[in-house]
Every structure is written in C-alpha cells, then in structure tokens.
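**Q** Let me begin by handing over the structure; questions about it come next.
The values are calculated or read from the model by the stated rules, or taken from the named source; none is laboratory data. Remember, predicted model here, so these are calculated numbers, not experimental data. Positions of Cβ are backbone-derived with ideal geometry, glycine not excepted, and every protein chain shown enters the neighbour counts.
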C-alpha cells in the first residue's frame, strides 16, 4: 500500500480544499441560523475535573501544575455538556457552541480523536423541538453546499425530506425481528431473553455480555446502517439504561427522552430531554463507573460541581451534533479527515 503524503503537502491540501471551504460555509450558515433564533454562542472550557462518566467513553488525561508545584489530574472533555448545563443553571436559556472535543480509542473514516461538537440547549422546551432543529440544520447545510441529496457508502438521502420517526422498539422489531418488551407486558425484556433473541437474529454474542452489550451489537449489526435513507431518520425513546443523562418519558418510565439523528446510515446527533434529578444522575454515574472499572480497569471522578448545578438547572432539552460528520456528508467527502483543516496524522502517514 502506498504511503499517503502528509496533510500539509500542497497536492493533498489542494484535493481537500473544496471540502474545507464547504465546511466553512456550513459553519457560517448554521451559526447565523442559531443567532437569528435568539441563541447565544458560548465557549465552554476544555479542561475539566471529569471528562464525562459514560462506560465506554475514553478521555485524554493531562495534569495541572500549580505555582507551588502541586499536581492535579485533569482531562480534556469528551463533550461540552457539563459546562453548558452549568450555564443553564446560571440563567442562560438558549445557548449553542462549536466546541473542540476529545475522545480516546476512536479513529477511522467517521472518527477523529479531536473533533468539533455542535451542541445546543433550549430551557423549558420539549425534546421534540430539537427534532425540528435537526431538520432545519440539515436544510441549512444543504443550502450552503447546494447539495440536497447526500450519499455515503452506497446509501443516499434526500436531506430536505421530512424525517422518518421510529422508536427503538419499532426499529428492533422491524429490522432485527427482536421484541424489546416482554410478551403481554410493558416491561423491557431481561438480559437472557435479549441474548436468546439476538442469537436467533444472527447477532454475535459472548457469554459475559451485559444487556447493554447485546443491545449495542443489535443496533450496530442490524439497525444503524438502514437508517437515514432515503430520508433522514429520528430514532427515539431509548431504554432508560441506554440514555446517559436523559429523563424518563413521563408516560412510560421504561424508556427515556433520548433520540438520535441518522443520515445515510451515519449517526449525526444525539439529543435528550435533560435529566435534572441530581440523586438519580449520581446513581447512574456510579453504576457506569463501576462497569468501566470492571471492563477497562479505570474510572473517572464525578464532577461534584455539575451535580450541584443540576439542582438549579431548569427543565431543558439539549442536542450534540458531530459537526465534522455533517460537513463530510454535506460536501460529499468520503472520510472525516477530508473536512478537518489539520487532521491528526496516523503514525504511518
């Protein structure tokens, strides 16, 4: 296999430049839309005492050295979420940010260890409002690039078409033939029942898989690739165990106010009706960190300041959108590094 020239070589930069300038047009257009909607743009800090407390998120560690040479472990955040929710507690009501974010153990055509997260929050708004926001952002991006049909890995999407709406329960039944509810009951199936159904559906499993492991494998192997074509898809009402910081649906506490946006089989955005119960949030964090320690032999500290802020935070809904993925699909790029001005190089590049 021939070795790629570095990203800064004039020839390679010239090949990428039309994707990069398209990214700039999208960013300007999306920012202008938020400002016209009355949002305030904020700049969350990147250095945090806790990078986030979800089991499978992996952070970059760093160290703060004081003037007295004392040393304190810090992290680069995996998302601006904690900081932005503190701003809601402070009194902000409509905020957005184009924030650098950092995640370890993630690299590929759709992943970069350093990326841009477009994140926004609306106080006192139902989370369905964010579905409309997502649809509008897709239209704004398509207008900025003058491309209404996007394609990726053989799948196409008319991005200005109305979104297809699908619950997780419907998606599992339609795409994998798996029932997430117990027969004759409103309860989510247990681990053994889900394992049995996944094996019948041809999903690979391991003996020590947890309920969440099996759930994630079904999503990846049977569902995700089918979403977002020929129109964008909204997948919503995730089981409560798969909704990190989301509140339960009031009429059905087995599921949460969480949704994801898909285009061409690519997950673009993840949104919540935000959980504001600090005690419940602490319980979830502690559960996930125990699981992280079991699987990866590491855990991250809890952000006590964030948990305290939740008690003052208003009811709100928020969404995080992978801006680089949006730019990639909207410009017709094939890999995420084509829309990053200074992509982090692999060692063999």
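**Q** Return the pairs, sorted by first residue and then second, in which the second residue is surrounded by 14 or more Cβ atoms within 10 Å (Cβ to Cβ) and assigned to a loop (DSSP other than H, G, I, E, B), the first residue lies in region 292-310 and is without any contact (Cβ under 8 Å) to a residue 24 or more places away in the chain, the beta carbons are less than 7 Å apart, and the residues are 6+ apart or on different chains.
**A** Pairs that qualify, where the first residue is without any contact (Cβ under 8 Å) to a residue 24 or more places away in the chain and the partner is surrounded by 14 or more Cβ atoms within 10 Å (Cβ to Cβ) and assigned to a loop (DSSP other than H, G, I, E, B), are 293/299.
**Q** Another question about this same structure. Of all residues being over 16 Å from the mean Cα position of the chain (by Cα) and in a strand (DSSP E or B) in region 246-263, which is surrounded by the most Cβ atoms within 10 Å (Cβ to Cβ)? Just the residue, please. If you could, list the steps in order and put the result at the bottom.
**A** If we filter region 246-263 for residues that are over 16 Å from the mean Cα position of the chain (by Cα), which is where we start, we get 247-255.
Next, only the ones that are in a strand (DSSP E or B) stay: 248-249, 252-255.
Details: 248: 17, 249: 19, 252: 11, 253: 11, 254: 16, 255: 24.
The selected residue is 255.
**Q** Quick one: which of 273, 228 is part of a strand (DSSP E or B) and touching a strand residue (DSSP E or B) at 6+ places or on another chain (Cβ under 6 Å)?
**A** Numbers: 228 fails: part of a strand (DSSP E or B).
It is 273.
**Q** What number of residues within region 104-145 are out of contact with any strand residue (DSSP E or B) (no Cβ under 7 Å at 6 or more places or on another chain) and closer than 19 Å to residue 338 by Cα?
**A** 10
**Q** Checking the condition farther than 27 Å from residue 136 by Cα, modelled with pLDDT of 95 or more and in a loop (DSSP other than H, G, I, E, B), which residue from 52, 38, 45 passes? So that I can check it myself, show each step before the final result.
**A** Details: 52 fails: modelled with pLDDT of 95 or more; 38 fails: farther than 27 Å from residue 136 by Cα.
Selected residue: 45, the only one of 52, 38, 45 that is farther than 27 Å from residue 136 by Cα, modelled with pLDDT of 95 or more and in a loop (DSSP other than H, G, I, E, B).
**Q** Go through the residues of region 146-163 one by one and say whether even a single one is in a helix (DSSP H, G or I), crowded, with 16+ Cβ neighbours inside 10 Å, in contact (Cβ under 8 Å) with a residue 40 or more places away in the chain and out of contact with any strand residue (DSSP E or B) (no Cβ under 6 Å at 6 or more places or on another chain). So that I can check it myself, show each step before the final result.
**A** We begin by selecting, within region 146-163, every residue in a helix (DSSP H, G or I); these are none.
The answer is no; no qualifying residue exists.
Each row is one residue, and each column tells you yes or no for (1) surrounded by fewer than 18 Cβ atoms within 10 Å (Cβ to Cβ); (2) in contact (Cβ under 8 Å) with a residue 12 or more places away in the chain; (3) in contact with a helix residue (DSSP H, G or I) (Cβ under 6 Å, 6 or more places away or on another chain); (4) at positive phi.
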{"residue": "174", "(1), (2), (3), (4)": "yes, no, no, no"}
{"residue": "187", "(1), (2), (3), (4)": "yes, yes, no, no"}
{"residue": "194", "(1), (2), (3), (4)": "no, yes, yes, no"}
{"residue": "197", "(1), (2), (3), (4)": "no, yes, no, no"}
{"residue": "210", "(1), (2), (3), (4)": "yes, yes, no, no"}
{"residue": "220", "(1), (2), (3), (4)": "yes, no, no, no"}
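**Q** Can you tell me which of (1) within 22 Å of residue 36 (Cβ to Cβ); (2) surrounded by 16 or more Cβ atoms within 10 Å (Cβ to Cβ); (3) in contact (Cβ under 8 Å) with a residue 60 or more places away in the chain; (4) more than 14 Å from the chain's Cα centre (by Cα) is the one residue 119 doesn't meet?
**A** (4)
**Q** Same structure, new question: For residues that are assigned to a loop (DSSP other than H, G, I, E, B) and free of Cβ contacts under 8 Å to residues at least 60 places away in the same chain, scanning just region 81-109, find the one that is surrounded by the most Cβ atoms within 10 Å (Cβ to Cβ).
**A** We begin by selecting, within region 81-109, every residue assigned to a loop (DSSP other than H, G, I, E, B); these are 91-93, 103-107, 109.
In the following step, the residues that additionally are free of Cβ contacts under 8 Å to residues at least 60 places away in the same chain were identified as 91-92, 103-106.
Working: 91: 9, 92: 18, 103: 23, 104: 14, 105: 11, 106: 15.
Filtering region 81-109 for residues that are assigned to a loop (DSSP other than H, G, I, E, B) and free of Cβ contacts under 8 Å to residues at least 60 places away in the same chain, the one surrounded by the most Cβ atoms within 10 Å (Cβ to Cβ) comes out as 103.
**Q** Please state which one of 302, 340, 310, 275 is surrounded by 14 or more Cβ atoms within 10 Å (Cβ to Cβ) and farther than 24 Å from residue 88 by Cβ. If you could, list the steps in order and put the result at the bottom.
**A** Working: 302 fails: farther than 24 Å from residue 88 by Cβ; 310 fails: farther than 24 Å from residue 88 by Cβ; 275 fails: farther than 24 Å from residue 88 by Cβ.
From the options 302, 340, 310, 275, the qualifying one is 340.
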